[in-house]
Amino acid sequence: MPAGQQPILELQGITKSFGGVEALRGVDFALSPGEIHGLVGENGAGKSTLMKIIAGVHTEFSGRFLIDGAETHFRSARDAHAAGIAMVHQELSVAPDLTVAENVFLGNQPTNQLGLVQWRRMAREAGEQLARFGIDVDPMSRLGDLPIGLQQLIEIARVLFSGARIVILDEPTSALSPPEVERLFATLRRLREQGTGIVFISHFIEDILRVSDTVTVFRNGRKVAETASTATSKGALIEAMIGRGGEVLEHSYNDELMLPRPSNSSVVLKVDQLSLARSLKDVSFEARAGEVLGIYGFMGCGQQELSRILFGKLRPDGGTLAVDGKARTFASTAAARRAGVALVPESRRAMLFHQEPVYKNISISILDRISSLLLKPAQERDIAKRQVQQLQIRPPVVGLDLGMLSGGNQQKVALAKWLTYPPKLLVLCEPTRGMDVGAKNDVINIVRDLRAKGLAIIVLSTEPETVLSLADRILVLKRGALVREFANEPVSKDRLLEAA
Ligand SMILES: Nc1ncnc2c1ncn2[C@@H]1O[C@H](COP(=O)(O)OP(=O)(O)O)[C@@H](O)[C@H]1O
Ligand SMILES: [Mg+2]
């Protein structure tokens with residue numbers, strides 16, 4: 001912060017907990033007019049929570065909150081809005097059923113003397129604003145019909161042009177293409193000239209260093225560093241983000257890990273020059289039998305789209321897929337399954353039947369392959385019992401409704417399905433997210449068993465720990481393109497973050 005200047009916003013000793021969990025502990029934070037303040041930290045560090053306090057979303061917390069030097073307490077997001085604070089949330093908060101123009105002017109529509117909305121003026125001005133931002137779209141189209149990346153851009157434009165004095169952008173660039181990021185930065189710099197205070201959160205540290213004046217690092221609910229952007233580096237920021245030494249009990253993967261020599265077993269999946277609209281660009285790789293291939297990248301990097309293409313839920317715009325040397329174009333998930341591809345998506349809920357007993361959930365994939373007429377209920381239970389034992393599913397009762405099990409045990413059930421009649425290729429999305437250490441280790445062991453059976457396994461994750469704990473070889477996906485392969489070499493969390 002430039003010396004002698006009064007901050008527009010100042011937070012002192014902010015502590016916030018959710019139930020028993022302390023999300024923020026004694027955090028100080030200040031923002032000056034005409035400052036771009038970058039915020040970095042691992043997932044769960046507390047960045048969004050602090051921003052939601054500033055934006056009036058969380059109103060219960062302890063500590064002091066000052067605007068223009070005066071102590072303030074917002075009771076709602078509306079109060080924050082009235083004080084000139086606008087935020088683009090990490091989760092899109094657009095109104096999909098309204099038009100683009102209505103979204104741009106949300107809660108702020110131009111009216112005439114009679115209080116009627118001036119539609120034509122609104123559409124024209126919305127169109128002009130968006131054009132300044134490089135967005136060419138009919139202001140009267142329904143927002144929900146546009147691609148997600150474009151919806152995100154429109155949301156950003158709305159906030160940037162709202163006239164707010166304090167603008168908060170929480171991970172806005174994850175789904176943006178490089179030219180869109182450039183346009184965003186040009187606009188941020190223009191707003192800075194006009195004296196707007198801006199907070200910018202991103203996982204892309206190069207972006208943070210390029211656009212911010214100041215960078216603050218969060219770790220575990222605390223502010224661990226604050227520095228001028230010109231006085232730090234990507235490496236130093238990553239080090240501050242992940243910390244050093246034994247402060248975390250769980251294996252933190254801060255140390256180097258040696259990846260094995262790449263497998264030369266048969267190629268199960270060959271992906272060549274795959275591309276998809278805004279999401280994937282010329283993605284080529286191979287997955288081999290008996291190998292776990294990790295694909296790491298930030299949220300929005302194209303992982304989800306890739307997994308959906310592999311499982312026949314999305315058609316790519318270009319490129320080819322081959323399974324066991326046979327070219328495939330999956331017209332449906334059924335076609336992908338017949339070719340031997342199985343997917344365990346992140347939202348496991350979609351794949352499991354919570355009102356059905358555990359054994360049914362396990363046998364469902366089996367019924368897919370052999371006629372249900374051939375499988376007697378007793379057999380069905382026997383197969384399930386063996387798997388429940390092998391996988392240490394707790395409690396080991398196959399008749400229990402699946403919904404009664406913990407998330408980790410549900411994930412084990414989701415994987416158990418593939419042990420009896422293994423597919424050729426198993427695609428796992430965020431296989432250990434939100435699990436306790438015990439369940440994570442169980443899942444790691446199941447994946448290793450599946451690998452030993454000769455399956456080709458692809459693990460897609462936004463958590464470095466997940467790919468480091470599972471993968472034999474790691475690809476880094478960045479804004480839809482593969483930018484780095486780690487194989488037969490040392491790898492660590494900071495090296496992954498550095499590459500992404
Ligand atoms: N609404 C909520 N209810 C309960 N816990 C929450 C809520 N929001 C965040 N948390 C928890 O607070 C911590 C910080 O989360 P968050 O601020 O979202 O981190 P970041 O934005 O840095 O990834 C995490 O442990 C998260 O699980
Ligand atoms: Mg966040």
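The values are calculated or read from the model by the stated rules, or taken from the named source; none is laboratory data. Since the model is a prediction, treat every value here as computed from it, not as a measurement. All Cβ positions, even for glycine, are placed from backbone atoms using ideal geometry, and neighbour counts span all protein chains on display.
Numbers below:
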{"quantity": "Check on ALA481, in contact (Cβ under 8 Å) with a residue 12 or more places away in the chain and under 26 Å from MET241 (Cβ atoms)", "calculated": "yes"}
{"quantity": "Which listed residue is in a loop (DSSP other than H, G, I, E, B) and out of contact with any strand residue (DSSP E or B) (no Cβ under 6 Å at 6 or more places or on another chain), from ASP138, ASP207", "calculated": "ASP138"}
{"quantity": "Any strands (runs of 3 or more DSSP E) falling wholly within region 280-349 and containing at least 1 residues that are outside the structural domain of THR173 (by TED's automatic domain parsing) and farther than 22 Å from VAL443 by Cβ", "calculated": "280-288, 318-323, 326-328"}
{"quantity": "Qualifying residue in region 109-123 (condition: aromatic (Phe, Trp, Tyr) and either under 25 Å from the mean Cα position of the chain (by Cα) or part of a helix (DSSP H, G or I) (or both))", "calculated": "yes"}
{"quantity": "Test: residue in region 164-187 that is in a strand (DSSP E or B), within 16 Å of ligand 2 (Cβ to nearest atom) and surrounded by fewer than 21 Cβ atoms within 10 Å (Cβ to Cβ)", "calculated": "yes"}
{"quantity": "Residue match in region 162-171 (condition: in contact with a helix residue (DSSP H, G or I) (Cβ under 7 Å, 6 or more places away or on another chain) and free of Cβ contacts under 8 Å to residues at least 60 places away in the same chain)", "calculated": "no"}
{"quantity": "Filter pass, LEU24 being hydrophobic (A, V, I, L, M, F, W, C), part of a helix (DSSP H, G or I), within 16 Å of ligand 2 (Cβ to nearest atom) and more than 29 Å from ILE135 (Cβ to Cβ)", "calculated": "no"}
{"quantity": "Residue in region 433-455 that is in contact with an Asp or Glu (Cβ under 7 Å, 6 or more places away or on another chain) and surrounded by 20 or more Cβ atoms within 10 Å (Cβ to Cβ) present", "calculated": "no"}
{"quantity": "Residue match in region 406-425 (condition: within 18 Å of THR466 (Cβ to Cβ) and touching a Ser or Thr at 6+ places or on another chain (Cβ under 6 Å))", "calculated": "no"}
{"quantity": "Unique residue being among the β-branched types (Val, Ile, Thr) and without any contact (Cβ under 8 Å) to a residue 12 or more places away in the chain when the list is THR49, THR72", "calculated": "THR72"}
{"quantity": "The lone exception for GLU22 - which of (1) within 15 Å of ligand 1 (Cβ to nearest atom); (2) without any contact (Cβ under 8 Å) to a residue 60 or more places away in the chain; (3) of a type in the set (Asp, Glu); (4) farther than 21 Å from HIS203 by Cα it fails", "calculated": "(2)"}
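Residue-wise test of (1) surrounded by fewer than 21 Cβ atoms within 10 Å (Cβ to Cβ); (2) more than 16 Å from ligand 2 (Cβ to nearest atom); (3) in a strand (DSSP E or B).
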| site | (1), (2), (3) |
| --- | --- |
| GLY34 | yes, yes, no |
| GLY44 | yes, no, no |
| LYS52 | no, no, no |
| GLY56 | no, yes, no |
| ARG78 | yes, yes, no |
